[in-house]
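Novice: Below you'll find the structure I mean.
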Amino acid sequence: MRIDPRPLPAVLPFLGELPPLLTRLYAARGVQSEAELDKSLARLIPYQQLKGIDAAVDLLVTALEQRQRILIVGDFDADGATASTVGTLGLRLLGAAHVDYLVPNRFEYGYGLTPEIVAVALQRQPQLLITVDNGISSVEGVAAAKAAGLKVLVTDHHLPGDELPAADAIVNPNQPGCEFPSKALAGVGVIFYVLMALRARLRSLGWYENKPQPNIGELLDLVALGSVADVVPLDANNRILVYQGLERIRAGRARPGIKAILEVAKRDHARITSTDLGFILGPRLNAAGRLDDMSLGIECLLTTDFAAAREMAAQLDGMNQDRKSIEQGMQREALAQLKDLPVESMPYGLCLFDPEWHQGVIGILASRMKERYFRPTIAFADAGDGLLKGSGRSVPGFHIRDALAVVASQHPTLIAKYGGHAMAAGLTLPEANFPLFAEAFDAEVRRQLREEDLTGRLLSDGTLAVEEFHLELARALRNAGPWGQHFPEPLFHGVFQLVEQRVVGERHLKVVLKSECGSVKLDGIAFGIDRDIWPNPTIRWVELAYKLDVNEFRGQETVQLMIAHIEPR
């Protein structure tokens, strides 16, 4: 692992009366003006800039006026679950008479609005079908819905294919011709924007002259959760949405389901951070869609009954424990496939498959293996009917969805379907094609990346002086976010004396450190360490990459180093 300095602009911007360290941290993350640090809702990009927003609102106003039956078709991950919940609750808040949702079981129907899902949807007798977090690639599904006489509104954020579905309206910042400046909205962010536009139209039509105007800001806790869990880039617009949602949660005004999941995870809502959304709430919510049916997660978020929310949160927690166990077994099997392969013979693009692997967990497996070997990785599972489903994760500098497009164009019969983003993608292919696909994918990675691109690299914000290891700075860094994808939490590095070391849990290293000059004693913890190396009493000096964090124990707060990388010196 290499630790490199995070690049800084030649001239630091003026960001108000901030401490120099915070100015440097923000500047390194692309902040160019003080206005970008304003996290008030008034700073959100106006919804009017979204292509298709007027047509979408026209459909929704008609549906509300005519009391039409509206059916939301979601996706089976945390973004899809929160988007389905936001759409359902938001339309009810704004006066829709009949709103229901449908989330495909990933193992029966796969991803998106397929003709098969439309057939299931028709049993609910909807008049307006709304997709959230999917639909932009559902050409056949939208055609089936239209043929059945339904109006269709597609809301999505994924990259479109060569052909757009023939929906009555499409809202997607990534569709051709959309000038909305932020292309990073999650699916839940897109449907929230649609609700903002709808409320504005209803206000102009006089719907709220004799009654209170609904507060759709009540849904921002869900928007924050879905955005962080989907790992979308936290540009200035998304940081506003996430910050406002976090503030609702910290103030105790979150949905009962979010409160219940935090309770079962033993997290204090008043101290929650964006990291907790991604690593505590997100996995528990995702577990339902990975192992069973995301409806449980959506029902947990929808309910107003805290007792029911607690019960469902406990089920989600149990599913997450099962998911962890399955994932650990799959990791062992994947490592066994690669253990005898010399580093120089390892593919640049890893493709892994085992017929016993769980479809719902291959995305996590791909992520873990990508982190271990620092190269684009796709893990495959048996999808039945002679097909494999793959889930891929990428490294910086390699757009995995575009790479699949190149492979598909060079080998037209190789891949049945694919889609995704720069850093994550999914695909389906015949099992017989796996060896040829693995070869073609590796060739495309080799075409784009060099050997040095496959070396693990951490970007550091520098070293901290001895006098900076204090609670005030740790609290200031925690509150300076929200941190997340493309706006990473500050990471520092340095050499420390290793005073004490012990393993806690299965693979976590708890350490006591002294600063290089020996004047300050610090606690630290490194998660998921290599048990072949640690603990080792012969190691006295270490180089660390770490985050400065606040640890609370029995009401006492102390500084703690969250260690991202540790190696002997």
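Readers should treat all values here as calculations from the given coordinates under stated rules, not as data from a laboratory. In this text the structure is predicted, and so the values were computed from the model without any measurement. Because the Cβ atoms are built from the backbone with ideal geometry, glycine has one as well, and the counts that use them run over all protein chains shown.
Novice: Only Lys, Arg, Asp and Glu count, each charged at its Cβ (+1, +1, -1, -1), so figure out the dipole size of the chain about its Cα centre, rounded to 20 debye.
Specialist: Computed charge dipole of the chain: roughly 1000 debye.
Novice: Now, a different point. Would you be so kind as to identify all helices of the chain, as entire DSSP H runs, whose Cα atoms reach 20 Å or more along the helix's own axis and whose mean Kyte-Doolittle hydropathy is at least 1.0?
Specialist: Sorted by number, the helices that extend far enough and score high enough are 187-204.
Novice: Shifting gears a bit: Of LYS39/LYS370; LYS514/LYS547; LYS146/LYS417; LYS211/LYS259; LYS51/LYS151; LYS259/LYS324, which ones are farther than 24 Å apart at the Cα?
Specialist: Result: LYS39/LYS370; LYS211/LYS259 exceed 24 Å.
Novice: Skipping prolines and chain starts, which residues have an amide H placed within reach, meaning under 5 Å, of the one on ALA564, given they are 5 or more residues away or on another chain?
Specialist: Result for ALA564 returns ALA545, TYR546, LYS547.
Novice: Projected onto the charge dipole of segment 341-454 (+1 at Lys/Arg Cβ, -1 at Asp/Glu Cβ, origin at the Cα centre), which of ALA422, ILE378, SER409 gives the Cα projection farthest towards the positive end?
Specialist: The residue sitting most towards the positive pole is ALA422.
Novice: Also: What number, in percent, do you get for the relative contact order of the chain if the mean sequence gap of Cα pairs under 8 Å and at least 6 apart is divided by its residue count?
Specialist: 11
Novice: Compute the Cα gyration tensor for segment 42-315, then decide on rounded, prolate or oblate, letting a ≥ b ≥ c be the square roots of its eigenvalues: rounded whenever a/c is under 1.5, prolate when a/b is larger than b/c in the other cases, and oblate in all that remain.
Specialist: Rounded shape, in that the Cα axes give a/c under 1.5.
Novice: Can you tell which of ASN172, ILE216, SER182 lies farthest toward the positive end of the dipole of segment 162-218, using +1 and -1 charges on the Cβ of basic and acidic side chains (Lys, Arg; Asp, Glu)?
Specialist: Of the candidates, ILE216 comes out farthest on the positive side.
Novice: In debye, nearest 20: dipole of segment 458-568 around its Cα centre with unit charges on the Cβ of K, R (+) and D, E (-)?
Specialist: Magnitude of the dipole: close to 280 debye.
Novice: Could you give the nm distance between label points at ARG124 and VAL550, where each point is 7 Å from its Cα heading toward the beta carbon?
Specialist: Between ARG124 and VAL550, the label points sit 4.2 nm apart.
Novice: If we count other beta carbons within 10 Å of each Cβ, what is the order of ILE326, ILE53, fewest first?
Specialist: So the residues, fewest neighbours to most, are ILE326, ILE53.
Novice: Now a separate question. Sort out for me the Cα centre separation of segment 491-555 from segment 112-178, rounded to whole Å.
Specialist: One Cα centre to the other: 51 Å.
Novice: List the chymotrypsin sites (Phe, Trp or Tyr not before Pro) within segment 1-67 that fall in a DSSP loop (any state other than H, G, I, E or B) and whose Cβ has at most 13 other Cβ atoms within 10 Å.
Specialist: Taking segment 1-67 and a limit of 13 other Cβ atoms within 10 Å, the loop chymotrypsin sites (Phe, Trp or Tyr not before Pro) found are PHE14.
Novice: Right, here's the next one. Can you tell which of GLY360, GLY289, ASN237 lies farthest toward the positive end of the dipole of the chain, using +1 and -1 charges on the Cβ of basic and acidic side chains (Lys, Arg; Asp, Glu)?
Specialist: So the residue furthest toward the plus end is ASN237.
Novice: By DSSP, what percent of the beta bridges with both residues in the chain are antiparallel, rounded to the nearest 5?
Specialist: Close to 65 percent.
Novice: Out of segment 90-124, which trypsin sites (Lys or Arg not before Pro) are coil in DSSP terms and have no more than 14 other C-beta atoms within 10 Å?
Specialist: Answer by residue number: ARG124.
Novice: With the contact rule set at Cα under 8 Å and sequence spacing of 6 or more, what percent relative contact order holds for segment 131-192?
Specialist: Answer for segment 131-192 is 37 percent.
Novice: What does the charge count around ARG323 come to, taking other residues whose C-beta lies under 12 Å from its C-beta (Lys +1, Arg +1, Asp -1, Glu -1)?
Specialist: Every neighbour counted, the sum reads -1.
Novice: What is the extension gain from ARG43 to LEU471, computed as 0.36 nm multiplied by their sequence separation minus the C-alpha to C-alpha distance, in nm to one decimal?
Specialist: Between ARG43 and LEU471, full extension yields an extra 151.0 nm.
Novice: Using the 10 angstrom Cβ neighbour count as an exposure proxy, how do SER460, SER204, SER391 rank, fewest first?
Specialist: Exposure proxy ranking, most exposed first: SER204, SER460, SER391.
Novice: Here's a follow-up. For segment 341-454, what is the charge dipole size about the Cα centre, in debye to the nearest 20, if Lys and Arg each add +1 at the Cβ and Asp and Glu each add -1 at the Cβ?
Specialist: Roughly 340 debye, rounded to the nearest 20.
Novice: Within 10 Å, count the other beta carbons around each residue, average over each peptide in 435-443, 362-370, and list them highest first.
Specialist: 362-370, 435-443
Novice: What FRET efficiency would be calculated for the residue pair ASP530, GLU65, taking the C-beta separation as r and a Förster radius of 51 Å, to the nearest 0.05?
Specialist: In this case the efficiency is close to 0.25.
Novice: Which shape class applies to segment 24-123: rounded if a/c is under 1.5, otherwise prolate when a/b exceeds b/c and oblate if not, where a ≥ b ≥ c are the square roots of the Cα gyration tensor eigenvalues?
Specialist: oblate
Novice: By count of other Cβ within 10 Å, fewest leading, how are ILE249, ILE261 ordered?
Specialist: Ranked by crowding around the Cβ, least crowded first: ILE249, ILE261.
Novice: With a sphere of radius 9 Å drawn around the Cβ of ILE261, what net charge do the other residues whose Cβ falls strictly inside it have (Lys, Arg +1; Asp, Glu -1)?
Specialist: Computed value for this residue: +1.
Novice: So how far, in whole Å, is the C-alpha centre of segment 374-430 from the one of segment 1-41?
Specialist: Distance between centres, Cα-based: 35 Å.
Novice: Here's something else I'd like to know. Out of the trypsin sites (Lys or Arg not before Pro) in segment 199-289, which ones are loop residues according to DSSP with at most 12 other C-beta atoms within 10 Å?
Specialist: LYS266
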